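Data first, discussion second: the structure below is written as structure tokens.
The values are calculated or read from the model by the stated rules, or taken from the named source; none is laboratory data. Predicted model only: the values in this text are computed from it and were never measured. As a convention, Cβ positions derive from the backbone with ideal geometry for all residues, glycine included, and neighbour counts pool all protein chains shown. Surface areas here come from the heavy atoms of the whole protein model, side chains and all, with no ligands, DNA or RNA. Shrake-Rupley method; radii C 1.70, N 1.55, O 1.52, S 1.80 Å.
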Amino acid sequence: MNEPVRVLGLLGSPLSDGNTARLLASALAGVREAGGEVERVDVPTLEFSACEEIMYCRDNDTCWIEDAVRPMYRSVADLDGVIIATPIMTMGIPGKLKSFMDRFQVFFMAKYMRKVSLVPAARRNRRRGVFISICGMDGEHIFAGAKTSVEAFFDIIDVQYHDELLVSGMDRIQDIRIRPDLLSAAHAKGRDLVLSINSQALLTRQDQ
């Protein structure tokens, strides 16, 4: 019997029950509906330090800083999917989430400097990621900077950028619950993520 798809949901908003969190919850419900297992991490609640760029991870598979991020390296290496949900702040990703992503320099050094990814080869091809984001203003260009950072983060941890849900105009919407279409869209993104991962895993087994 195949093991269930494991998906990590990362919340970048400090509001654990706000609009972004509700979209993430819907996406993770879609993951569960498709048979996946989920873990949600509210990044702003974690106690950790920003990357200090001392290059300890150039020669080691971990960071020298002992805090809440370091134990997550192994779980991130072993997951199948990631969903990042965050609001846009100052035209980019909120500071705590960006600092969290920066701490995965450990994966960058392994993949690009030592040429040995921390992600098991058997998982590498099937890993997929979804980006969910909201912004008060209108316009797709508002998400450009945040999307670039998420794409870079996914690449560093060997996750393919699979899909996105970008919701602008939240100053008008205010409460995402009045837009069940958007909550349904997030749910579908989560469900499709699992189906895509399973499909790729099947193709990989057939090629072996």
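Observations on the model:
- Selection of region 114-130 for residues being surrounded by fewer than 18 Cβ atoms within 10 Å (Cβ to Cβ), in contact with a helix residue (DSSP H, G or I) (Cβ under 6 Å, 6 or more places away or on another chain) and without any contact (Cβ under 8 Å) to a residue 60 or more places away in the chain yields Val116, Ser117.
- In region 145-183, the residue that is most open to solvent (accessible area, probe 1.4 Å) out of those that are farther than 17 Å from Gly129 by Cβ and in contact with a strand residue (DSSP E or B) (Cβ under 7 Å, 6 or more places away or on another chain) is Gly145.
- Scan of region 121-170 for residues that are within 15 Å of the chain's Cα centre (by Cα), of a type in the set (S, T, N, Q) and within 24 Å of Ala21 (Cβ to Cβ), ordered by number: Ser133, Thr148, Ser149
- Just one of the listed residues (Arg40, Arg6) is open to solvent by 50 Å² or more (accessible area, probe 1.4 Å), in contact (Cβ under 8 Å) with a residue 24 or more places away in the chain and either in contact with a Ser or Thr (Cβ under 6 Å, 6 or more places away or on another chain) or under 20 Å from Tyr161 (Cβ atoms) (or both), namely Arg6.
- With respect to the stated conditions, Thr86 fails to be hydroxyl-bearing (Ser, Thr, Tyr) and over 30 Å from Ser199 (Cα atoms).
- Region 131-144, residues that are open to solvent by less than 50 Å² (accessible area, probe 1.4 Å) and aliphatic (A, V, I, L, M): Ile132, Ile134, Ile142
- Comparison of Ser75, Ser49 shows that the only residue that is at pLDDT below 95 and open to solvent by 40 Å² or more (accessible area, probe 1.4 Å) is Ser75.
- Apart from one condition, Ala186 fits all of (1) buried (at least 20 other Cβ atoms within 10 Å of the Cβ); (2) out of contact with any Leu (no Cβ under 8 Å at 6 or more places or on another chain); (3) among the small types (Gly, Ala, Ser); (4) under 26 Å from Glu33 (Cβ atoms); the exception is (2).
- Scanning region 23-36 for any residue that is assigned to a loop (DSSP other than H, G, I, E, B) and in contact with a Cys (Cβ under 6 Å, 6 or more places away or on another chain) turns up nothing.
- Flag if Ile54 is under 30 Å from Met170 (Cβ atoms), touching a Phe, Trp or Tyr at 6+ places or on another chain (Cβ under 8 Å) and not in a helix (DSSP H, G or I): no
- Residues that are assigned to a helix (DSSP H, G or I), under 17 Å from Phe104 (Cβ atoms), free of Cβ contacts under 8 Å to residues at least 60 places away in the same chain and hydrophobic (A, V, I, L, M, F, W, C) within region 131-152 comprise just one, Ala152.
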